[in-house]
Structures are given as structure tokens and as C-alpha cells.
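The values are calculated or read from the model by the stated rules, or taken from the named source; none is laboratory data. No experiment lies behind these values; they were computed from the predicted model shown. Every residue, glycine among them, receives a Cβ derived from its backbone with ideal geometry; neighbour counts consider all protein chains shown.
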Amino acid sequence: MNSTAPVYQSADVLYANTDFSKLSWIETQWAAWYLWIGNPVIATGLMSFLLHEIVYFGRCVPWIIIDAMPYFRQWKLQPNKIPTPQEQWECTKQVLYSHFTIELPMIWFFHPMAEMFNMSTWQVPFPSWQIMVPQIAAFFVFEDMFHYFAHQALHWGPLYKHIHKIHHKYSAPFGLAAEYAHPAEVMILGTGTIAGPLLYCYFRRDLHIFTMYVWITLRLFQAVDAHSGYDFPWSLQHIMPFWSGAEHHDFHHMAFVNNFSTSFRWCDRLFGTDDKYRAYRKRVAAMKKSGMSKEEFAAAEKKLNAEVEAEGVQAEAQAEAYQYGSKAKVA
Ligand SMILES: [Zn+2]
Ligand SMILES: [Zn+2]
């Protein structure tokens, strides 16, 4: 793989040294795409944008269907708050608007940036999975830590009021709300997803954009699922206890405090920003154990959630009332 090969020559020159008989089906399709478009900048930009749209909205579809089926309410984390189709449509329009106005122009710069960091784009074959898996694992860890601190910063009064408040519109989130956020937030938190691979590439110089696509696909699944509002017995966090999942992030939206990370639970555990969440979980577990009837449990859970949410509203008002140099008091 020669990443220094001139890429802006006519398309057939791009793969002059490639033995097509040794490529897999997907690698052949990949090369065909770059040959068909003829311009690597447009080919990468268009593919990145399409991948993002298809994966994001594609992953939201099952959650829209689940929200429409009362059978699944038994696993809803805030069972009294089911998003209406109108709410979901409003959210979709907003997300689409920011995808086309903010993300599309940014994605356009991606190919030149990838080249600057020596990332392989049009090149085939792809790296082996033995190379890809540890790279993607490292991106997950980097993003989670970056997000933990950046997200906490976004809860600081002035940044909250002007930026992060939009994402907190939904105290009971749903899949589509994952990217419902201020453009500045998309850029700040998006850095956690993009900077890991770019830094890695800068120092190691052996990253293929295909690996990055696999990473972004998994990260989108993580983000949409974390906002889904459902915790099933087969959800990933029951198999991997350090995985956050919806059960963890749903609490952040309901309570406004605690649980700032994305994929893993260890940052919040380590820095103690999960104390309220753990106390809440303990109370729910005790209610489940107490032998109360289904109806009694539902009523008790509703009451507890309302309490937690009311405290969250108070905490939000406190954050918004922040004034430079003094801790504002909210009545
Ligand atoms: Zn937040
Ligand atoms: Zn969220």
C-alpha cells in the first residue's frame, strides 16, 4: 500500500499497481466506487456522508417500531414517557437540517484531512481484522474519556445554557434524539470520535479509512442505542457490565446529573459521578425485591422517577443561573 501515490491523477492511474484478482468482493466494490466517481475527494466525502445517514437513521428504525408496540413497554426505562410520532418527526427534521448544513460541509474536508494525516482512503486491500480490532478498541477508550470530560464541561452554566441545553430537551430520550444537539456540541463531542483515529494515524501511519468507517458505525450504534430508552435482559450491559448502554445514559437525561461518559462506566465510577445513579438503581432493586405487585411497582417507579426528574429540573435551573464569579442561588 503506497500512501504517497499521487491520487489526483485520472482514475485508471489510481489502481495501476493493484492486482484485482487478489481482492475480496468488498475491496473490489470499494475500488469500483473510487474509479466510478473519479475524484477521491468527492468519492470519500459522498461515501462518508451516505454511511452516516444510512447507519444513523437505519439504526433508529427498529427503535421507532419498538416505541409503537406496547408489548415492549415492560422494558422501557421511563415507561410513562413514550415519544409521540410528532415528537419523533420534529426531532428527525432538526437532525436532518444539521446533517445537511453542518455535517455535510465538514465531511467535505475529511479527505484532505485524512491525506494530511497519511490515512489510506482509496487504497486496497484493507487491513486485516487483527490490525483493525485493537485500533477500534483504542478509539472506543479514547472517545469515552474525551467525552467524559467534554460533556462535563458542557454542563458548566454558560456552556450549558448556550449549547448543551438543546440536547437535554428530552428528559426521556429516544433513538433519534442521539444527534439532536447544537452545532457547536456536534463539533465539540464529534472531536472525540474523529481525533482518536487522526492522532493514531499521525503517530503510527497505518490506518485505513475503512477501519474508521467500522469504528464510526459502531459508535453510531452505541449513541442511538444509549438514547433508545430501553433496557432489555439481552442488552449489552448485562453481558459486559462495564458497558454503559441506555440504562446508564437514560438516567443522565432524567436526572440531569451523573453519568457523563458514552460507552463505558469506568470514568463515572472512578471520579464518583455515578453516586446518584447508583442510589437510584439500589432503590429500584429494593422495590423489585419487596414483593409488591406489578401495579404497585409501576406506581412506585413512577413516583421515584418523578422525584429524580424534579431534582434534575432544580439542578438544571442551578446550572443556568450561574453567574461569573458567584454561585447563583435558585429559590
Ligand atoms: Zn448532558
Ligand atoms: Zn444524550
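I'd like the full set of residues that are under 16 Å from His253 (Cβ atoms), exposed (fewer than 15 other Cβ atoms within 10 Å of the Cβ) and of a type in the set (A, V, I, L, M, F, W, C), limited to region 296-314. Hits for region 296-314 are Leu304, Ala306, Ala310, Val313.
Residues in region 62-102 that are farther than 15 Å from Ala172 by Cα, in contact (Cβ under 8 Å) with a residue 60 or more places away in the chain and of a type in the set (Asp, Glu): 0 in all. Considering only residues in region 248-271 that are more than 16 Å from ligand 1 (Cβ to nearest atom) and assigned to a helix (DSSP H, G or I), the one that is farthest from Asn80 (Cα to Cα) turns out to be Leu270. Which residue out of Ala172, Ala178, Ala195 is closer than 25 Å to Phe110 by Cα, among the small types (Gly, Ala, Ser), within 13 Å of ligand 2 (Cβ to nearest atom) and in contact (Cβ under 8 Å) with a residue 40 or more places away in the chain? Checking each option against the conditions leaves just Ala178.
Hey, does region 148-164 have a residue that's within 22 Å of Lys81 (Cα to Cα), modelled with pLDDT of 95 or more and within 17 Å of the chain's Cα centre (by Cα)? Yes, region 148-164 contains at least one residue that is within 22 Å of Lys81 (Cα to Cα), modelled with pLDDT of 95 or more and within 17 Å of the chain's Cα centre (by Cα). Say whether the condition of being in a loop (DSSP other than H, G, I, E, B) and in contact (Cβ under 8 Å) with a residue 40 or more places away in the chain is met by at least one residue in region 208-223. Scanning region 208-223 turns up no residue that is in a loop (DSSP other than H, G, I, E, B) and in contact (Cβ under 8 Å) with a residue 40 or more places away in the chain.
Only one of the numbered conditions (1) more than 16 Å from ligand 2 (Cβ to nearest atom); (2) assigned to a helix (DSSP H, G or I); (3) over 28 Å from Arg269 (Cβ atoms) is violated by Gln94, and that is (1).
For Leu198, state whether it is surrounded by fewer than 21 Cβ atoms within 10 Å (Cβ to Cβ) and modelled with pLDDT of 95 or more.
For Leu198, the condition - surrounded by fewer than 21 Cβ atoms within 10 Å (Cβ to Cβ) and modelled with pLDDT of 95 or more - is not met.
Only one residue in Phe210, Phe203 is more than 16 Å from ligand 2 (Cβ to nearest atom) and modelled with pLDDT under 95. Which one?
Unique residue meeting the criteria: Phe203.
Taking the criterion of being under 11 Å from Tyr180 (Cβ atoms) and in contact with a Cys (Cβ under 9 Å, 6 or more places away or on another chain), the residues of region 66-94 that qualify are Gln88, Thr92.
This table checks each residue for (1) surrounded by fewer than 16 Cβ atoms within 10 Å (Cβ to Cβ); (2) over 22 Å from the mean Cα position of the chain (by Cα); (3) on the phi > 0 side of the Ramachandran plot; (4) not aromatic (Phe, Trp, Tyr).
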site: Met254; (1), (2), (3), (4): no, no, no, yes
site: Asn258; (1), (2), (3), (4): no, no, yes, yes
site: Arg281; (1), (2), (3), (4): yes, yes, no, yes
site: Lys294; (1), (2), (3), (4): yes, yes, no, yes
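Of all residues in region 165-180 being part of a loop (DSSP other than H, G, I, E, B) and crowded, with 24+ Cβ neighbours inside 10 Å, which is nearest to ligand 1 (Cβ to nearest atom)?
Pro173
Consider only pairs whose beta carbons are under 7 Å apart and that are at least six residues apart or on different chains; among these, list those whose first residue lies in region 138-160 and is of a type in the set (S, T, N, Q) and whose second residue is within 14 Å of ligand 2 (Cβ to nearest atom). The qualifying pairs are Gln152/Phe260.
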